[in-house]
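**Q** Got a structure here, written out as structure tokens. Questions coming.
Each value in this text was obtained by applying a stated rule to the coordinates, not by laboratory testing. Just so it is clear, the model here is predicted, and its values are computed rather than measured. Methodologically, a virtual Cβ is constructed for each residue, glycine included, from the backbone with ideal geometry; neighbour enumeration extends over all protein chains shown.
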Amino acid sequence: MADHVWMQERDNAASGYAFLGENTYVADTEEPDVTPPVITLLGETPVTHGVGTPYVDAGATALDDVDGNITDNIVTVNPVNSNVVGSYLVTYNVDDAAGNSATEVVRVVDVVDFPPTITRIGPGAILHPLNTAYVDAGATAEDPEDGTITGSIVTFNPVNTAVPGAYVITYNVDDSFGNSAPEVRRVVIVVDPNAPVEDSGTAIITNLTSNLISNLTGNIV
């Protein structure tokens, strides 16, 4: 008799009934959990990040209709190497307690080398008197990753104050990753204020108006 009762209990349980006591069963109507959790990305994608600076990912959250907040269970694969220029994929995955997998969420992180910038000190065009010493005001340089790199500026200064004419001073700089700033220039016009008007070469320079200087230096940064 005992064997018969045990077999009946086993058969009832296998048929989807919940055991409440000796020979007492009710139909087990609980639906299986087949709904996957949902991952929500925090922050933007794609992300543009400067090379040489630490990358801190914004992460993601995960919610499940049965388990609730399962953000702590997210498995994040973050291969970003912020010291190497390139495009990286950060992935986020999670399963709920029933084994349902969320749709994978991906963030694109582009590690780039932002170029430095040069700022000229003083005007872009200068009238300078003949045979007087010329001291250039110079320029400064900043880089998003390296900071101030003014000391790395390469200045080409061909000004000869003994010879009337227009001279172009250039400023260039590279950051530590070899990225070049746009070249910045300054025009220095050496003039002889005592030159006679008939001295055509000097007179043309001496009588340059601000508009003519502007035309001459129109593309100077």
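**Q** Taking the Cα of Leu41, stepping 7 Å toward and past its beta carbon, and measuring to each backbone N in region 89-109: which are under 18 Å?
**A** 89-94, 102-109
**Q** Can I ask one more? Amide H neighbours of Ala125 under 5 Å, counting only residues 5+ apart in sequence or on other chains, H built in-plane at 1.01 Å?
**A** Those qualifying (amide H under 5 Å, at least 5 residues apart or on another chain) are Val187.
**Q** Can you sort Ile121, Ile169 by how many other beta carbons sit within 10 Å, fewest first?
**A** Ile121, Ile169
**Q** While we're on this one: For a protection proxy built on the mean count of beta-carbon atoms within 10 angstrom, sort 70-77, 172-179 highest first, please.
**A** Working: 70-77: 14.0, 172-179: 18.1.
By packing density, highest mean first, the sequence is 172-179, 70-77.
**Q** Continuing with the same structure: Quick check on region 38-112: of the DSSP beta bridges with both residues there, what percent are antiparallel, nearest 5%?
**A** 80
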